[in-house]
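This report refers to the structure that appears directly beneath it.
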Amino acid sequence: MVKARTITKKAKDKWRAKSWYKILAPPMFDNVVIAETLAADKNMLINRVAEISLQDLTGDFRKSHVKLYFKIDEVDGSDALTNFVGHTLTTDYIRRLIRRRRSRIDGVFDVTTKDGAVIRLKPFATTEKRIQTSKKSIIRKIMRDTIMEYAKEKTLAELVKGIFNDELCKEISKNCKSFYPLRKVEIYKSELLKRPTVQEEPKKEEEKEEETT
């Protein structure tokens, strides 16, 4: 009986020794709180990966199928600061887009952004009807060229925004339309291979005022 009480007391003491930490999204997502976690030592949080849907992050119910991944790389007080490391689309969402008698064109491209980040993007496109392999190859090349050109003009934050607001997918569809119209384009997975090497300069006050007017 005494032994059981000792074990219970140790368990309670261990729990009390832990502190709560808020896991924050990176600046590209306005540093919003994405979760809270307990840890006895803040160093135990480093490199931990947090997952959240884009719907939960932004409130946009149309983006519940997008899963984001953030890695904790610094702890400041009770705030665990994260870095964007990639995203995926849910398998059930992808399954709904793939139907019989349609073609799917996949690609895997490593792109470098304007601020020196290297990110692996995995897009796919679908067509209304099955198409020949030669046409698939041309569409894949257009996808590659579009993504490369788009990424080199954007910072990592701008590229990520362009993925999630569908701007990049629309650009791919537009560039393929003259050759062969696509039914759907998605960037179904991304993986950050190298973080930005150039620090993005903060906007000047005049620029901020212009944006708000």
**Request:** Residue by residue through region 85-140, note down the ones that are part of a strand (DSSP E or B) and either among the basic types (Lys, Arg) or touching a His at 6+ places or on another chain (Cβ under 6 Å) (or both).
**Result:** 89, 104, 120, 122
**Complete:** Within region 54-80, residues closer than 19 Å to residue 157 by Cα and touching a Lys or Arg at 6+ places or on another chain (Cβ under 6 Å) come out as 54, 55, 72
**Item:** Within region 73-84, considering residues that are of a type outside the set (A, V, I, L, M) and part of a strand (DSSP E or B), the one nearest to the chain's Cα centre (by Cα)
**Value:** 84
**Request:** Would you please list the contacts, defined by Cβ atoms under 8 Å and residues six or more apart or on different chains, that run from a residue in region 138-167 that is loosely packed, with under 14 Cβ neighbours inside 10 Å to a residue that is assigned to a helix (DSSP H, G or I)?
**Result:** 145/175
**Prompt:** Going through region 39-54 one residue at a time, which ones are exposed (fewer than 13 other Cβ atoms within 10 Å of the Cβ) and either in a loop (DSSP other than H, G, I, E, B) or assigned by TED's automatic domain parsing to the domain that holds residue 164 (or both)?
**Reply:** 40, 41, 47
**Residue, farthest from residue 79 (Cα to Cα), within region 16-61, restricted to residues that are more than 14 Å from the chain's Cα centre (by Cα), at pLDDT 95 or above and polar (S, T, N, Q)** = 47
**Complete:** Apart from one, (1) out of contact with any Pro (no Cβ under 7 Å at 6 or more places or on another chain); (2) surrounded by fewer than 18 Cβ atoms within 10 Å (Cβ to Cβ) all hold for residue 116; the odd one out is (1)
**Item:** Within region 121-134, considering residues that are of a type outside the set (Ser, Thr, Tyr) and surrounded by 15 or more Cβ atoms within 10 Å (Cβ to Cβ), the one farthest from residue 189 (Cα to Cα)
**Value:** 131
**region 170-182: number of residues that are surrounded by fewer than 20 Cβ atoms within 10 Å (Cβ to Cβ) and among the hydrophobic types (A, V, I, L, M, F, W, C)** = 1
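The values are calculated or read from the model by the stated rules, or taken from the named source; none is laboratory data. In this text, all values refer to a predicted model and were calculated from it rather than measured experimentally. Positions of Cβ are generated from backbone atoms using ideal geometry, with glycine treated the same way; all protein chains shown enter the neighbour counts.
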